[in-house]
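Take a look at the structure set out below.
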Amino acid sequence: MFTAAITGSGVFTPELSISNAELVEAFNAYADAWNAEHADAIAAGEVTAKDPSSEDFIFKASGIEQRFVLNKSGILDPTTMHPTLPQRSDDEPGVMAEMGVDACNKALAQAGKTAADVDAVICAASNHERAYPAIAIEIQQLMGVKGFAFDMNVACSSATFGLQTATDMIRSGSIRSALVVNPEICSAHLEWRDRDCHFIFGDVATATLVERIDDATAPHFEIKSTRCATEFSNNIRNNNGFLRRTRPDGLNDRRDMQFMQEGRKVFKEVLPLVSKHIADHMADEDITADHLKRLWLHQANKSMNDFIGKKVLGRVPNDGEQPNILQDYANTSSAGSIIAFSQYSEDLQDGDYGLICSFGAGYSVGSVLVQRRA
Ligand code: CO8
């Protein structure tokens, strides 16, 4: 049995961002136009007028201040309200592959390695640009990695489930290293015309290089153990599969194919699930709150993270113990906890413990316990 370590991580951040003020202005212009267009039906009580969104609500309910996006003009155009990403020809790299390669190269650079040192690529994300050929194989080809590659999807928990998969392959000896890459184009899967969720997501790509620990040539994080769990729930769901069925409730339009959630239920049900998951994982590894120097949590909602941090540590986390990045990036699905890890891990000292934890649709929750090795 071999030991695995995270030897590098990288983040691709799109150049464009949208502030809450810009987002709300666009949404409210759309809602005003829609209400004007449907004024008669609204007056007759046939349809409900659209309420305006509010910057204040968005910040208070989520902690989000802005989000990065691949395309801004389409999302903010009240007559479009979705990203306009031109169709690429079959000969061009896919969008996910391109942003994934950028993150992978940063992870390799941090580890002091090249594509020749990589045995496998796992593309773990909540939405894939296409079903096949795998995005991971395209990334493998663009980077010149030998070995094999495959895609996997566990929604927001994709990165931690991918890390467990890579770790287990390294432990067994079937590979010595893997890039786990999480390109998330959430903006194309989000309904920007839905006031309840239009503020939630952003675009980004993250990557981690996982290697046999003996191959590490720079400071790294030994992977002490990983833990994954799932429990079926319909509270976060979309029907964007290859079957288009007519539903009895008539909800077979584009809206049903995008991100849908019962946000309140998710909030309530996921908190105890995640807190217990982390507590059990730590107890089984004989790690107490005093040992844990950092918690890199999934980035969906600030109040959720505050609650989990307090529950896990038994007190309000000190500044920097549980870093949030969602104020800048919003929810980036599987990539959120890895952005936090990538941006807030360098300062840990030899021997310090930290825990990466993601959670989301499925329900799913994944945790990775790491120890800094300087
Ligand atoms: N502006 C002003 N008011 C609003 C707005 C708005 N934009 N939106 C809603 N309101 C109003 C509502 O109408 C409601 O009014 P009333 O009380 O009169 O009915 C009031 O504000 C409160 O609404 P909510 O109860 O919906 O608000 P919450 O306080 O619950 O906050 C949240 C909503 C932020 C969504 C919160 O419930 C939450 O964060 N829940 C957890 C969400 C979560 O973690 N989900 C995980 C999803 S991510 C995942 O698993 C990956 C999916 C795959 C990726 C997909 C990529 C796109």
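The values are calculated or read from the model by the stated rules, or taken from the named source; none is laboratory data. From a predicted model like this one, the values you see are computed outputs, not experimental measurements. Every residue, glycine as well, gets a Cβ built from its backbone with ideal geometry; the counts of neighbours run over all protein chains shown.
Quick notes on this one:
- Pair list, Cβ under 7 Å, 6 or more apart: the stretch 177-192 residue more than 8 Å from the ligand (Cβ to nearest atom), other residue polar (S, T, N, Q) and outside any strand (DSSP E or B): 182/158; 182/334; 185/127; 191/258
- Here the condition is being part of a strand (DSSP E or B) and touching a strand residue (DSSP E or B) at 6+ places or on another chain (Cβ under 8 Å); of 362, 354, 336, it holds for 354 alone.
- Members of the stretch 135-161 that are away from the ligand (no atom under 16 Å from the Cβ) and buried (at least 20 other Cβ atoms within 10 Å of the Cβ): 136, 138, 139, 140, 143, 145, 149
- Among (1) assigned to a strand (DSSP E or B); (2) over 29 Å from residue 26 (Cβ atoms) - the single one residue 204 does not satisfy: (2)
- Among the conditions (1) within 16 Å of the ligand (Cβ to nearest atom); (2) surrounded by 17 or more Cβ atoms within 10 Å (Cβ to Cβ); (3) more than 21 Å from residue 159 (Cβ to Cβ), the only one that residue 266 does not satisfy is (3).
- Residues in the stretch 323-374 that are under 30 Å from residue 15 (Cβ atoms) and of a type in the set (Ser, Thr, Tyr): 329, 332, 333, 334, 337, 342, 344, 345, 358.
- Qualifying residue in the stretch 207-215 (condition: away from the ligand (no atom under 16 Å from the Cβ), part of a helix (DSSP H, G or I) and among the hydrophobic types (A, V, I, L, M, F, W, C)): yes
- Taking the stretch 1-108 and the strands (runs of 3 or more DSSP E) fully enclosed by it, the elements with 3 or more residues that are within 19 Å of the chain's Cα centre (by Cα) and within 16 Å of the ligand (Cβ to nearest atom) are at 66-69.
- Screening the stretch 313-358 for residues that are touching a Cys at 6+ places or on another chain (Cβ under 9 Å) and either at positive phi or at pLDDT below 95 (or both) and picking the one that is nearest to the ligand (Cβ to nearest atom) gives 333.
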